[in-house]
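Working notes, structure below.
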Amino acid sequence: MAGVADLVQAALDAGLTVHEEQGQVVVRGPRAAAALAQALLARKDEVRHILALDPDLGRALRQAAAREAVQRVAHPLESCWCCGSYQWWQRVDDRWVCNACHPAPRGTPIWP
């Protein structure tokens with residue numbers, strides 16, 4: 001079981017969020033960590049077991065998921081001061097950037 005715990009911790013370190021939602025293991029995060037996400041999903045029963053048994057690890061994972069949810073909601077509601085666009089993307093340092101003025105890198109989510 002220690003191998004799976006290490007895998008889950010590596011997921012946190014890589015910026016992935018892992019939580020259980022309606023009986024499903026949900027993994028979200030950067031595409032660069034896709035192989036790690038697939039490895040977690042391949043062992044989803046063990047991951048679910050760890051989330052239930054290890055409160056500290058489960059709490060850290062839930063907090064990471066909550067931070068991700070807040071970031072998804074906390075995008076700017078106003079238009080860009082320069083072009084008037086309402087489309088934004090979030091940089092790694094959590095700053096929001098206008099997609100019209102500064103197009104997002106491929107695969108980056110755009111918030112309308």
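Figures for the structure shown
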{"read-out": "In the range 29-69, residue farthest from Ala5 (Cα to Cα) [restricted to those that are modelled with pLDDT of 75 or more and of a type in the set (Lys, Arg)]", "value": "Arg31"}
{"read-out": "Enumeration of residues in the range 13-56 that are assigned to a loop (DSSP other than H, G, I, E, B), surrounded by 13 or more Cβ atoms within 10 Å (Cβ to Cβ) and not aliphatic (A, V, I, L, M)", "value": "Gly15, Gly29, Pro30, Arg43, Asp54"}
{"read-out": "Qualifying residue in the range 99-110 (condition: out of contact with any Phe, Trp or Tyr (no Cβ under 8 Å at 6 or more places or on another chain), at pLDDT below 85, part of a helix (DSSP H, G or I) and over 18 Å from Val4 (Cα atoms))", "value": "no"}
{"read-out": "Whichever residue in the range 70-90 is surrounded by 12 or more Cβ atoms within 10 Å (Cβ to Cβ) and under 13 Å from the mean Cα position of the chain (by Cα) and, among such residues, is modelled with the highest pLDDT", "value": "Gln90"}
{"read-out": "Long-range neighbours under 6 Å by Cβ, at least six apart or interchain, first residue assigned by TED's automatic domain parsing to the domain that holds Gln24 and acidic (Asp, Glu) within the range 40-51, second buried (at least 16 other Cβ atoms within 10 Å of the Cβ) and modelled with pLDDT under 85", "value": "Glu46/Val4"}
{"read-out": "Residues of the range 6-26 satisfying the condition of being aliphatic (A, V, I, L, M) and under 14 Å from Ala42 (Cα atoms)", "value": "Leu7, Val8, Ala11, Val18, Val25, Val26"}
{"read-out": "Residue satisfying all of: in the range 1-28; among the small types (Gly, Ala, Ser) and in contact with a helix residue (DSSP H, G or I) (Cβ under 8 Å, 6 or more places away or on another chain); farthest from Pro109 (Cα to Cα) among these", "value": "Ala5"}
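The values are calculated or read from the model by the stated rules, or taken from the named source; none is laboratory data. Since the model is a prediction, treat every value here as computed from it, not as a measurement. Neighbour counts run over all protein chains shown; Cβ positions are idealised from the backbone, glycine included.
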